[in-house]
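All of the numbers you see were taken from the coordinates with simple rules; none came from a lab. This is a predicted model, so every value here is computed, not measured. Note that we place each Cβ from the backbone using ideal geometry, even for glycine, and neighbour counts take in every protein chain shown.
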Amino acid sequence: MSDAVERAASPTGAATEVLSAADVRRAITRIGHEIVERNRGLDEVVLVGIQTGGVWLAERLGAAIAGFEDGATVPVGTLDVSFYRDDIGLRPVVPSAPTALPALDGRVVVLVDDVLYTGRTIRAALDALNDHGRPRAVQLAVLVDRGHRELPIRPDFVGKNLPTSREETVTVDPDGVVIERRGGGR
Amino acid sequence: MRRHLRSIEELGVDGIRALLDLAGHMAEVNRRPIPKVPALRGKTVVSLFFEDSTRTRLSFETAAKRLSADVMTFSASSSSANKGESLRDTVETLDAMGIDAVVVRHKSSGVPWQIARWTDASIVNAGDGWHAHPTQALLDCFTIRDRLPRRSFDDLHVAIVGDVKHSRVARSDVAALRALGARVTLVGPPTLLPPSVEGWGVEVSHDLDAVVGARGSDAVDVAYVLRMQLERQEQALVPTLREYTSCFGLTPERAGRLPDHALVMHPGPMNRGVEIAPEVADSPRSVVTAQVANGVAVRMAVLYWLLGSGADLAKEAE
């Protein structure tokens, strides 16, 4: 049900809003429904937001699900993957907020992140989860899939597929999704 | 760009704060069922200890292992230093084996700066002479911040009691606490305090009873007790140990007169009954075991900062 978005080419440095705040809200609601549908309910489902971009999203998803599933509360955790990244030493990697997870053994963990790009963050998240327990299954929910995968990782739930170029940056927050072309190109 | 942790002064206040924050993350890692992360996989950390120390060395080695680094141990007593190998040759030999960090403890001040000339590895000072012991100061500040969360450092009064003159722990603690804005009072007999504390930014008292009993703006929040170095007794710096204990020991009676929230700290190892009474060491106000646990988290933060993060911590804090 996700669709590619056509964009006019944007001049250097200009930002284009590709999703409005309302679009983000609707996408979250739809993803929430898909998670419940795919897992045939919420039994043993846990949402885990990846620091930092996935944390607010996981909380919103939890709230949206509670909204249409008669107030059912899904446990929501946060996961900092800094120490599992493959670019430590190549660039500054400083953790943000500490990891806080509910019990994971035997449960279905839905990893939540704002943007899926190369897939390396998700690889790090899978390694991190492995050190915290043994989930029955791990699924992946992202608001934006911008392509350019460098690892065999695929999402289960997607808000929007946004084909982008590597010259562009994608910024996601509750007020919308913005694509910006980096000045000067690389 | 190679970085070192050799003294608190070299680190700076932004570095102190950033390392304390990073140590919080490491403390969370240590609470996990599997307290290990792959962050420093493939890095080699050498502990180069020319002075006896089991606790500090084990703390550093544990820290390295929790970050998945490899560890080499060089302890002076069982080494070629006994065969007369010079410090320089020792360091150059280790460097030739390919090392990323050296954690060094030596009885001579300045060794961490000296050996930087003979190796490209990052240097961590685990204690040089009477001069500095920066990771101890960091874990002490981390413990204070953790146990007195509602106090900021610039609202804190710390009393450091005992043999400050011969203490690298005291010097680094003073540097760190002052950089963070805390008020520090040194307490001890004149023979055990430095000849001059000019430029230290501290107050001095020879009356422990007055210090522990103070209230209001002079109230003490932390009583930091230093080890009475028994091996110095033949220098007759105090008449007898009993007299030291009666004047400057943290007895149950004195500990009882501290403000209710005040912490009792000690860098270890303790001489129970000399500088600190056993009941005080084991009392709820004593956070000595927390200091040890926090030592691993703080040293993990230091090693990660030096070998992993690639971050310029002072800039990150801006």
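The value of relative contact order for region B:184-318, using C-alpha pairs under 8 Å at least six residues apart, is 22 percent. The aspartates and glutamates within cross-link reach of B:Lys65, meaning a Cα-to-Cα straight distance under 19 Å and a gap of 8 or more places when in the same chain, are A:Asp86, A:Asp127, A:Asp131, B:Glu28, B:Asp100. Taking label positions 7 Å along the Cα-Cβ direction at both B:Ala219 and B:Ser283, the computed distance is 1.6 nm, reported to one decimal. Nearest 10 degrees, 0 to 90: what angle lies between the long axis of helix A:120-130 and the longest principal axis of chain A (Cα atoms)? Tilt of helix A:120-130: around 10 degrees.
The simple spin-label model puts a point 7 Å past each Cα toward its Cβ; for A:Ala100 and A:Arg136 those points are separated by 2.6 nm.
Using C-alpha pairs below 8 Å separated by at least 6 residues, the relative contact order for region B:48-192 is 18 percent. Here the residues B:Cys247, B:Cys141, ranked from fewest to most Cβ neighbours within 10 Å of their Cβ, fall in the order B:Cys247, B:Cys141.
Across peptide A:83-92, what mean number of C-beta atoms from other chains lies inside 10 Å of a residue's C-beta? Write down the numbers at each step before the final one.
Numbers: counts 15, 3, 3, 1, 1, 10, 8, 1, 3, 7.
Mean inter-chain Cβ contacts per residue within 10 Å come to 5.
The spread of Cα positions in the protein assembly as shown, taken along each principal axis and listed from longest to shortest, comes to 86, 54, 44 Å. For region B:119-161 versus region A:88-115, the inter-centroid distance based on Cα atoms is 30 Å.
Taking trypsin sites (Lys or Arg not before Pro) across region A:33-117, the ones in a DSSP loop with at most 14 further Cβ atoms lying within 10 angstrom of their Cβ are A:Arg40. About the centre of its Cα atoms, region B:13-75 shows a dipole size close to 320 debye [charges on the beta carbon of Lys, Arg (+1) and Asp, Glu (-1) only; nearest 20 debye].
Within a 10 angstrom radius of the beta carbon, how do B:Met26, B:Met72 rank from fewest other beta carbons to most? Numbers along the way, then the final one.
Details: B:Met26 29, B:Met72 15.
With the fewest neighbours first, B:Met26, B:Met72 line up as B:Met72, B:Met26.
Inter-part distance, region A:130-186 to region B:179-223, computed on C-alpha centroids, equals 56 Å.
The GluC sites (Glu not before Pro) of region B:197-290 meeting both criteria, a DSSP state outside H, G, I, E and B (loop) and at most 16 other C-beta atoms within 10 angstrom of the site's C-beta, are B:Glu198.
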